[in-house]
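The values are calculated or read from the model by the stated rules, or taken from the named source; none is laboratory data. Being a predicted model, the structure only gives us computed values, none of them experimental. Glycine gets a Cβ as well: all are built from the backbone with ideal geometry, and neighbour counts include every protein chain shown. Calculation scope for accessible area: heavy atoms of the full protein, side chains included, ligands and nucleic acids excluded. Shrake-Rupley method; radii C 1.70, N 1.55, O 1.52, S 1.80 Å.
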Amino acid sequence: MAAKIQMTDLKAQYDSIKPEIDAAIQEVINETGFILGKQVALFEEEICRYFGVKFAVGVASGTDALVLALLASGIGKGDEVITTPFTFIATAEAISRSGATPVFCDIDYATLNISADEIRKKITPRTKAVLPVHLYGLPCAMDEIMDIAGEHNLKVIEDCAQSFGSEFKKKKTGTFGDCGCLSFFPAKTQGCFGDGGMIITDSEEIAQKAKMLRNHGSTKKYYYGMHGFNSRLDTLQAAILRVKLKYVDQWIEKRIANAGLYNQGLNSIQGLFPQGIVSECKHTFNYYTIRVKNNRNGLQEHLKEKGIPAMVYYPVCLHLQDVYQGLGYKKGDLLISEAAQEEVLSLPMYAELSQKQIQMVLEAVRTIEK
Ligand SMILES: *Cc1c(COP(=O)(O)O)cnc(C)c1O
């Protein structure tokens, strides 16, 4: 019997490389260097090579990567950081945790990513940074964003939690700004077996501060220079991620091929539109997301009845969340983001998804027309 269709099939991926993963885990256990062991440093080196950056700092999660990157970039109380409201909460939560204030800016209708024109309108004398999110794996318009940052002397911190391996004009996301933040949460394109994250940067200063911050602000053992955190990438996770890094590009190619099949199949269906792809972008499809112009919830329900999972990333924009009520936004402030929350639907996406399974998803989508 064919495997059940899921949003992502972590077991299928593990099964495909089980002996290598098991051996890597066993080696860490044998060596017992569980905290900041050898595998962490080796993985950081490999990530530097993969992205073509000078420094990589492994931390406990993608959320922590954002918090530590902001702090290491000198962002804090009294500063404003412009970001998208159409993202996972961690993006804005990290800004708030750094002490700064998130300023929500509307998105581009087609790409669902932060709009460069809207960023310009939100700049004030307090603006210190822009935090673009490459949503679902689609790169933001980084040339325009870097131009704006240059004109206004702003830091750029890229949220690459969903865009591992994505490229804008042949350059990887995470390498445009002052730093890039990766998440190794299991459901991400490069996921581990728990929580994990990383900051990548060419700035020695940011890298050094981030290394101190992740380890209690320590300069050397039992000497402390700043208030830090306990936020290290586990050696076990690094060992698993080293194995997966060897395969990630081939898995990304499969995701892209699967997205192509979805695009073809959905082409002829009225009222459905895939996330708009910008030319010169490599979208790595952490999620494959469509807009449903009419009755998105009905389609989701219909798919569920047919045994096909589909998810809404994200049903409530961040400027409308209770936690941000104090910032004074109201419904109607960011119309394109608010439309997106009613229309988006993400379909099952992973490298191991077979052509037959994709046809099953497409068939289920089609039958709602009847
Ligand atoms: C997953 C995610 C994060 C947070 O990563 P964790 O590793 O889960 O802490 C941040 N931003 C975005 C856009 C994400 O999707």
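A compact table of results
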quantity	calculated
Odd one out for ALA257 among (1) in contact (Cβ under 8 Å) with a residue 60 or more places away in the chain; (2) surrounded by fewer than 19 Cβ atoms within 10 Å (Cβ to Cβ)	(1)
Unique match (being closer than 23 Å to VAL344 by Cβ, of a type outside the set (D, E, K, R) and open to solvent by 30 Å² or more (accessible area, probe 1.4 Å)) among ILE89, ILE82, ILE107, ILE119	ILE89
Every residue from segment 203-227 that is open to solvent by less than 90 Å² (accessible area, probe 1.4 Å) and part of a helix (DSSP H, G or I)	ILE206, ALA207, LYS209, ALA210, MET212, LEU213, ARG214
The listed residue being open to solvent by 20 Å² or more (accessible area, probe 1.4 Å), in contact (Cβ under 8 Å) with a residue 12 or more places away in the chain and not assigned by TED's automatic domain parsing to the domain that holds GLY328, out of GLY137, GLY150, GLY99	GLY99
Yes/no for LEU318 being open to solvent by less than 10 Å² (accessible area, probe 1.4 Å) and touching a residue at least 40 places away in the same chain (Cβ under 8 Å)	yes
Positions within segment 262-298 being closer than 23 Å to ALA187 by Cα, more than 16 Å from the ligand (Cβ to nearest atom) and hydrophobic (A, V, I, L, M, F, W, C), in sequence order	ILE277, CYS281, ILE290
Tabulated pairs, segment 53-78, first of a type in the set (Gly, Ala, Ser) and within 14 Å of the ligand (Cβ to nearest atom), second open to solvent by 10 Å² or more (accessible area, probe 1.4 Å) and part of a loop (DSSP other than H, G, I, E, B), C-beta under 7 angstrom, 6+ apart or interchain	GLY58/ARG232; ALA60/ASP195; ALA60/ARG232; SER61/ASP195; GLY62/ALA161; GLY62/PHE185
Qualifying positions in segment 325-339 - under 13 Å from VAL103 (Cα atoms) and open to solvent by less than 20 Å² (accessible area, probe 1.4 Å)	LEU334
Residue pairs meeting the criteria (Cβ under 6 Å; at least 6 apart or on separate chains; first small (Gly, Ala, Ser), in segment 28-48; second part of a helix (DSSP H, G or I))	GLY33/THR235; GLY37/THR235
Subset tally (residues that are buried (at least 16 other Cβ atoms within 10 Å of the Cβ) and touching a strand residue (DSSP E or B) at 6+ places or on another chain (Cβ under 8 Å)) for segment 279-302	11
Count of segment 161-190 residues which are in a loop (DSSP other than H, G, I, E, B), within 9 Å of the ligand (Cβ to nearest atom), within 14 Å of LYS244 (Cβ to Cβ) and open to solvent by less than 10 Å² (accessible area, probe 1.4 Å)	1
Residue count, segment 232-276 (criterion: under 24 Å from ASP108 (Cβ atoms) and under 17 Å from the mean Cα position of the chain (by Cα))	4
Unmet criterion (only one of (1) surrounded by 21 or more Cβ atoms within 10 Å (Cβ to Cβ); (2) without any contact (Cβ under 8 Å) to a residue 40 or more places away in the chain) for VAL344	(2)
Residue match in segment 273-284 (condition: among the charged types (D, E, K, R) and either without any contact (Cβ under 8 Å) to a residue 12 or more places away in the chain or more than 30 Å from VAL103 (Cα to Cα) (or both))	no
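For every residue, the table says whether it meets (1) out of contact with any Lys or Arg (no Cβ under 8 Å at 6 or more places or on another chain); (2) closer than 27 Å to VAL243 by Cα.
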{"residue": "ASP9", "(1), (2)": "yes, yes"}
{"residue": "PHE43", "(1), (2)": "no, yes"}
{"residue": "GLY58", "(1), (2)": "no, yes"}
{"residue": "VAL103", "(1), (2)": "no, no"}
{"residue": "ALA110", "(1), (2)": "yes, no"}
